[in-house]
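The values are calculated or read from the model by the stated rules, or taken from the named source; none is laboratory data. Fair warning: this is a prediction, and the values are worked out from it, not measured in the lab. Cβ coordinates were reconstructed from backbone atoms using ideal geometry, including for glycine residues, and neighbour counts include every protein chain displayed. These area figures cover heavy atoms from the full protein model, side chains too; ligands, DNA and RNA do not enter into them. Shrake-Rupley method; radii C 1.70, N 1.55, O 1.52, S 1.80 Å.
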Amino acid sequence: EKILCITYTTKAKKEMFDTIYKMAKAQEISESIILKINIHTFHGMALDYLTNAGLISGDIVGNNILRYSILESFESNKALNYDRNTIIKRYLGKMDNSIRYIKSFGITPDKIDLEKTKKIIEETWSPTPSFSQDDLKKFLEYFVDAYKHYERSKNNLVDYSDMLLTFKSKFEGEKFQYVLVDEIQDMNEIESEIIEMIYENLFLFGDSK
């Protein structure tokens with residue numbers, strides 16, 4: 001119970017357990033002892049802690065709500081000069097990935113400084129035949145509006161990034177004596193900050209590439 005093993009997928013979690021189980025049984029360690037080891041994904045660990053502490057309900061917002069919120073905001077703002085089907089097929093996936101990516105670094109809409117970002121566009125972006133700097137700066141506003149609309153649309157529920165952000169801000173448990181993290185090349189900033197909060201002795205395993 002003083003050991004925590006972290007990985008990224010349910011499949012990897014099972015593989016990790018099976019390996020530990022096989023090694024432990026070879027040393028005649030009882031099953032009741034093996035089962036005390038905490039083996040989680042990052043999100044599974046956060047979900048268990050937050051639901052047990054009564055901090056979230058356990059209902060998780062899926063990607064469909066994110067995509068629908070983006071579409072709703074774009075259509076309301078008349079953000080793109082494309083028909084609905086083109087927006088859905090060509091652009092919603094990219095916007096969905098963009099929002100989830102920046103949120104994985106803890107960048108919520110309130111932390112986006114529009115004027116500062118527009119200045120960066122002016123300093124770094126070269127106009128293309130398709131659109132100008134002004135086009136890009138205007139799209140930035142639509143993008144942030146869509147992000148804000150999504151956050152409002154969740155109705156106080158949490159998505160997968162919220163789980164990690166909430167865990168980071170609310171965790172008050174004891175540190176684990178031993179923490180192992182697998183596949184550390186996939187770790188993002190929030191996940192690394194969470195690990196810093198919960199370990200006494202740390203073992204990291206990853207791909208050198």
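Summary of computed values
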{"quantity": "Distance in nm between pseudo-label sites at Lys175 and Lys138 (7 Å out along the Cβ direction from Cα)", "calculated": "5.3"}
{"quantity": "Per residue value of the accessible surface for the chain (all protein chains in place, 1.4 Å probe), Å²", "calculated": "64"}
{"quantity": "Centre separation in Å (Cα based) which lies between region 162-209 and region 31-45", "calculated": "15"}
{"quantity": "Percent carbon-and-sulfur accessible area, region 74-139, ignoring ligands, DNA and RNA, probe 1.4 Å", "calculated": "52"}
{"quantity": "[x] 9, 38, 38, 13, 1, 0; [y] 8, 28, 25, 10, 6, 5, 6, 6, 4, 1, 0; [z] 7, 26, 28, 21, 12, 5, 1, with the label sought being that of the calculated P(r) over Cα pairs in 10 Å bins from 0, in percent", "calculated": "[z]"}
{"quantity": "Stretch gain in nm, segment Trp125-Glu196, where the contour uses 0.36 nm per residue and the Cα spacing is subtracted", "calculated": "21.9 nm"}
{"quantity": "Between region 90-125 and region 7-29, the Cα center-to-center distance that results, in Å", "calculated": "39"}
{"quantity": "Cα-based Rg / Dmax (Å) for region 62-102", "calculated": "9.7, 28"}
{"quantity": "Cubic angstrom per residue, convex hull over Cα atoms of region 87-134", "calculated": "104"}
{"quantity": "Gain in span if fully extended, Asn77 to Ser98, counting 0.36 nm per residue against the direct Cα distance", "calculated": "5.7 nm"}
{"quantity": "Rounded FRET efficiency, nearest 0.05, which uses the C-beta distance separating Thr10 from Lys148 and R0 of 30 Å", "calculated": "0.40"}
{"quantity": "Where GluC sites (Glu not before Pro) fall in DSSP loop in region 1-102, at most 16 other Cβ within 10 Å", "calculated": "Glu1, Glu28"}
{"quantity": "Tensor-based shape of region 118-209 (alpha-carbon gyration tensor, a/c under 1.5 rounded, otherwise prolate or oblate)", "calculated": "oblate"}
{"quantity": "Volume per residue of the C-alpha convex hull in region 1-102, rounded to whole Å³", "calculated": "138"}
{"quantity": "Value at 222 nm in deg cm²/dmol, rounded to 500, when DSSP H runs of n ≥ 4 in the chain each add -39,500 (n - 2.57)", "calculated": "-17000 deg cm²/dmol"}
